[in-house]
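Written out below as structure tokens is the structure these notes cover.
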Amino acid sequence: MLRWLPVWSTCTMLELFMQIQEIKTWKNDWAIVYDILKGKDNSSFGWDEHRQMVVTEDAVWNSYIS
């Protein structure tokens, strides 16, 4: 039995793959930020509305990333 299958170029497949990877990266980055702001024992982190970024003291940040 023959079935019709769409022919996608390599470029189209590569673009699709890159978009999927970008979404996965965005979701991972969002999960990290959410955990920093809402996670357990992370009350020393805050959100600077003006600069649109997570803020904390240097000592707290260094402890978090180590």
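Coordinate-derived values only; no laboratory data. Fair warning: this is a prediction, and the values are worked out from it, not measured in the lab.
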Exercise. Which three extents, in whole angstrom, do the alpha-carbon atoms of the stretch 7-65 cover along their principal axes, largest first?
Worked result: 53, 24, 18
Exercise. In sequence order, what are the phi-derived ³J(HN,Hα) couplings for the stretch 54-64 according to the Karplus relation 6.51 cos²θ - 1.76 cosθ + 1.60 with θ = phi - 60°, rounded to whole Hz, with x for glycine and proline?
Worked result: 6, 10, 6, 6, 4, 4, 5, 4, 4, 5, 5
